[in-house]
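For reference, the structure is listed below as structure tokens.
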Amino acid sequence: MHHVGAFPVLEDQLTMWTPESGDSPDRLDALVHGVTYLRSKESRRAVVASPLRGKVAGHGR
């Protein structure tokens, strides 16, 4: 997933919340529900891209 723009409150919620904190924050919940919905509608598998592909010794093409 790639976010476009600045989302400081969402970033804080994503990096600071733990299950021990209690109820999960609103923006974190909205992101999880949105991604889950979008992924359920997608018919292909996700591709994981690495910025290091082809740049690490022994992993080039």
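Obtain the nm distance between the two label points defined at SER40 and VAL4 by a simple spin-label model: each point lies 7 Å from its Cα along the Cα-to-C-beta direction.
2.6
Just add up the charged neighbours of LEU31: K/R +1, D/E -1, any other residue whose Cβ is under 14 Å from the Cβ of LEU31.
Details: positive: ARG27, ARG39; negative: GLU11, ASP12, ASP26, ASP29.
Computed value for this residue: -2.
Would you mind computing, in nm to one decimal, how far apart the modelled labels at VAL32 and GLU11 are, each placed 7 Å from Cα along Cα→Cβ?
2.2
Rule-based calculations on the coordinates, nothing more; no lab input. Since this is a predicted model, take the numbers as computed values, not measurements. Reconstructed Cβ throughout: ideal geometry from the backbone, glycine too, with neighbour counts over all protein chains shown.
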